[in-house]
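Notes to accompany the following structure.
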Amino acid sequence: MTDIQDPGATPEALSIKQIGVIGAGQMGSGIAHVAATTGINVVLNDIGEEQLDKAIATIDKNLERQVSREKISPADKQDALDRLTTSTDHAALGDCDVVIEAATEDEAIKREIYKAVIPSLRSDAIIASNTSSISITRLGATTDRPEKFMGMHFMNPVPIMQLVELIPGIATDDATHKIVGGLTYRMGKTPVISEDFPAFIVNRILLPMINEAVYTLHEGIGSVKDIDTAMKLGANHPMGPLELADFIGLDTCLAVMQVLYDGLADTKYRPCPLLVKYVEAGWLGRKSGKGFYDYSGDQPVPTR
């Protein structure tokens, strides 16, 4: 089992025995994967058994990939799987030291989750949200413990990406900040601290770039392929902005742009109408099989 000995992994963080992860989608399963491989017991919680089964299958597949690349041993893989439990019952989160909410990027849904989950949590349990753009102060204020509430925004795909944005709300206390920061190091990630402003650091910079790429497509300046090739070869980006948008999910991209537009009241953050149309059509990117590329064949094919 991977043993993280980073000096940032504080004694308080090392004392954490179990965390809960709410939401067994791409982000939640990735967070559960990383936590389990770094020696932490994980309760993965979701409303449906099918989604939980799918998440465990994904984690198993990704762990096997790590074994094949000799990053972990077969015994490490089994240890990680043994540390994972799943449940559709919020009561299963009752013994967790920290609960990380990784639900869809919708404030109303997140509020409902906190309302439903909090009665099952210990009074000293910390709640962290993996939100990529929504106000931590506002989310924390809807709970019974705003001082123990903090943003913990992992990057996708979680097992590979090293960054975690930590976002304290106005009410977050120093003890919570220290524990969540230490937990980040314990999980083998590097934290950066962001003030609680719309979209934080990464998405404040990244999503307007993606939105501008969609405008460039919308206005006929370049095709999907030419825009992505231009940014990969001209700016040395590993993925083109439209390819990246499909990977993130166009619904998530739109949600972040709407948070920026509503929160900062600046027309430069207005979501491109073409992005809105794709989301309305259900063309959400890789997860739906079609976005700026069609993924139904052996190779992705541009849709414009």
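Throughout, read-outs are computed from the coordinates displayed, never taken from laboratory work. Treat the numbers as computed from the prediction; the structure is a model and nothing was measured. Counting neighbours? That spans all protein chains shown, and the Cβs are built from the backbone with ideal geometry, glycine included.
A few notes on this one:
- Rounded to two decimals, the Cα radius of gyration of region 212-252 over 2.2 N^0.38 Å is 1.09.
- Taking each DSSP H run with n ≥ 4 as -39500 (n - 2.57) and averaging over every residue of the chain yields -13500 deg cm²/dmol at 222 nm.
- Listed residues PHE200, ILE31, SER123: farthest to the positive end of the dipole of the chain (Cβ charges): PHE200
- Of the GluC sites (Glu not before Pro) found in region 168-244, those that fall in a DSSP loop while having at most 10 other beta-carbon atoms within 10 Å are GLU195, GLU219.
- Cβ charges +1 (Lys, Arg) and -1 (Asp, Glu), total dipole of region 11-193, debye: 400
- Of the trypsin sites (Lys or Arg not before Pro) in region 106-152, the ones in a loop by DSSP (not H, G, I, E or B) with at most 16 other beta carbons within 10 Å are ARG122.
- Helix axis angle, 202-218 relative to the chain longest principal axis, alpha carbon, degrees: 20
- Ordering HIS218, ALA255, THR184 by the projection of their Cα atoms onto the charge dipole of region 159-304, which places +1 on the Cβ of Lys and Arg and -1 on the Cβ of Asp and Glu, puts THR184 at the extreme positive end.
- Computed about its Cα centre, the charge dipole of region 190-256 is approximately 160 debye, with only Lys, Arg, Asp and Glu carrying charge at their Cβ.
- Qualifying GluC sites (Glu not before Pro) for region 1-103 [loop in DSSP, other Cβ within 10 Å: at most 13]: GLU70
- Couplings for region 182-198, taken from phi via the Karplus curve 6.51 cos²θ - 1.76 cosθ + 1.60 with θ = phi - 60°, read x, 5, 4, 5, 4, 7, x, 10, 10, x, 10, 9, 10, 5, 7, 10, x Hz in order; Gly and Pro are left as x.
- Amide H contacts of ASP294: VAL301, THR303, each under 5 Å away and 5 or more positions distant or on a separate chain (H built 1.01 Å from N in the peptide plane; Pro and chain starts excluded).
- In order through region 15-31: 3J(HN,Hα) via Karplus (6.51 cos²θ - 1.76 cosθ + 1.60), integer Hz, x for Gly, Pro: 7, 5, 9, 8, 10, x, 10, 9, x, 9, x, 4, 6, x, 5, x, 5
- Residue pairs, from the table LYS17/LYS54; LYS17/LYS189; LYS61/LYS287; LYS110/LYS148, whose Cα atoms sit over 20 Å apart: LYS17/LYS54
- Most simply put, the chain has about 25% antiparallel DSSP beta bridges, counting only bridges with both residues inside it.
- Sequence-distant residues sharing a close amide H with THR142 (under 5 Å, placed H): none
- Remark on GLY151: its backbone amide H falls under 5 Å from those of SER129, ILE167, GLY169, a criterion applied only to residues 5 or more positions apart or on other chains, H modelled at 1.01 Å from N.
- Rounded to the nearest 20 debye, the dipole size of region 155-289 about its Cα centre is 360 debye, using +1 on the Cβ of Lys and Arg and -1 on the Cβ of Asp and Glu.
- DSSP finds beta bridges in region 110-240, and of those with both partners inside it, around 40 percent are antiparallel.
- Ellipsoid fit via the Cα gyration tensor, region 11-193: semi-axes of 25, 18, 15 Å, each the root of five times an eigenvalue, largest first.
- Spatial offset of region 239-304 relative to region 158-218 amounts to 20 Å, using the alpha carbon center of each.
- On Cα atoms only, tilt of 224-234 relative to the major axis of the chain in degrees: 70
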